[in-house]
Each structure stands twice: as structure tokens, then as C-alpha cells.
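Beneath this line is the structure, given in C-alpha cells, with notes to follow.
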Amino acid sequence: MDVLPDYRDSFFCGSERKDGMQLKMMYGKGIVYCDVDSDKRFEGYTDVLHGGMLFGILDTIIWYAVFMETKKICTTHQTEMDFLKPVMCNRPYIAKGKFLSIKGQDIFAKAWVENEKGEVCARVNAIFREEKDAPAERFIDKFDFSRTSPKIKQHFYSLLDGREK
């Protein structure tokens with residue numbers, strides 16, 4: 001399993017965002033995942049993680065999953081989310097996501113949250129699309145690679161031709 005770089009400005013995975021969730025994204029065998037144990041700052045109803053926060057976590061995981069499998073800088077185009085069981089604050093969960101396929105300009109992926117019993121509590125099916133106007137150098141410069149392996153860093157930097165790593 002490999003640690004993925006933090007997108008510095010991300011509310012969800014920016015490790016220096018004290019106001020954010022500081023999720024540590026991991027990657028292995030085609031799956032992106034992170035532990036989710038959010039405190040009450042992010043609750044919607046009493047002790048329940050706000051649905052918007054849950055969606056944001058899954059959307060972020062899908063982004064990483066798509067990038068790791070396609071090396072495409074993409075944005076969310078369409079989503080469908082199912083809330084199946086409450087995700088409680090201050091309890092351990094794991095969020096996972098994976099790339100599924102590409103059909104034309106549509107990139108399909110999914111993500112879900114599991115409780116400690118492995119039960120799916122929420123899931124998102126998504127269609128992403130490549131952001132063709134995103135400059136790769138500016139994109140790469142937003143990541144903190146200090147906790148990643150050389151292999152993961154190279155995966156991201158491979159978007160750039162001839163730049164020092």
C-alpha cells in the first residue's frame with residue numbers, strides 16, 4: 001500500500017488545513033482508500049457525519065482513483081449517491097474507491113464507506129470528465145509529496161515532460 005500525496009489546498013486531504021479533515025489517502029491494488037473518523041465539527045444531525053462531508057470524502061477518493069488508473073486530470077461531471085446507514089462521528093470507518101471504465105469522454109468510477117463490520121453505509125457512482133485545460137505543472141505543484149514513495153511521486157510527475165523531479 002502506498003501513501004498518496006496531499007493536495008495542499010484540499011479541505012478533505014490537505015494535511016496542513018487545520019480547519020479540514022486531513023484525510024490520508026492510500027493506494028493499493030487499484031483501490032484508493034482512507035480511514036474516516038470525523039469529529040463533531042463535521043456533524044449534520046447529532047453525532048451523524050453531515051451528508052455533504054460524506055459526499056466530499058467520496059468525491060475526493062474517486063478523483064484519486066481515476067488519476068491513479070488513467071493519469072488524467074479530471075473533474076466531477078455527474079454523481080448518484082445512496083445513503084444507506086448513518087455514518088457516526090467519532091467512530092472508525094473506511095472509505096474506498098475505484099476506477100471502473102472509460103466510454104467516450106465519460107470516465108466511470110465508484111466509492112463507498114464501510115463500517116467496522118464491512119457494511120456499506122454510503123456509496124457514490126460517478127462520471128468524471130478530463131479537464132483538458134488544466135496545466136499539468138500547476139496541478140503537480142499543488143501536491144505535497146513528502147510522505148509518498150518515489151514510485152508514487154514519479155506516477156504524478158510523469159505528466160510532465162523533461163521537468164526535474
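The values are calculated or read from the model by the stated rules, or taken from the named source; none is laboratory data. For clarity, every value in this text was computed on a predicted model and none was experimentally measured. Cβ atoms come from the backbone with ideal geometry, glycine included; neighbour counts cover every protein chain shown. Ligands, DNA and RNA are stripped out before the accessible areas are found, and what is left, the full protein with its side chains, is counted by its heavy atoms. Shrake-Rupley method; radii C 1.70, N 1.55, O 1.52, S 1.80 Å.
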For SER10: the one exception among (1) closer than 20 Å to GLU114 by Cα; (2) among the hydroxyl-bearing types (Ser, Thr, Tyr); (3) out of contact with any strand residue (DSSP E or B) (no Cβ under 8 Å at 6 or more places or on another chain); (4) open to solvent by less than 30 Å² (accessible area, probe 1.4 Å): (1)
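Every residue, every condition in (1) within 26 Å of MET53 (Cβ to Cβ); (2) in contact (Cβ under 8 Å) with a residue 40 or more places away in the chain; (3) open to solvent by less than 70 Å² (accessible area, probe 1.4 Å); (4) not hydroxyl-bearing (Ser, Thr, Tyr), yes or no:
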site	(1), (2), (3), (4)
MET81	yes, yes, yes, yes
ASN90	yes, yes, no, yes
SER101	no, no, yes, no
LYS132	no, no, no, yes
PRO135	no, no, yes, yes
Output for region 29-55, where each listed residue is within 18 Å of GLU116 (Cα to Cα), within 12 Å of the chain's Cα centre (by Cα) and either among the aromatic types (Phe, Trp, Tyr) or exposed (fewer than 15 other Cβ atoms within 10 Å of the Cβ) (or both): TYR33, ASP35
Residue match in region 111-122 (condition: part of a loop (DSSP other than H, G, I, E, B), basic (Lys, Arg) and modelled with pLDDT of 95 or more): yes
Residue ID - nearest to PHE143 (Cα to Cα), chosen from residues in region 34-80 that are in contact with a Cys (Cβ under 8 Å, 6 or more places away or on another chain) and of a type in the set (D, E, K, R): ASP39
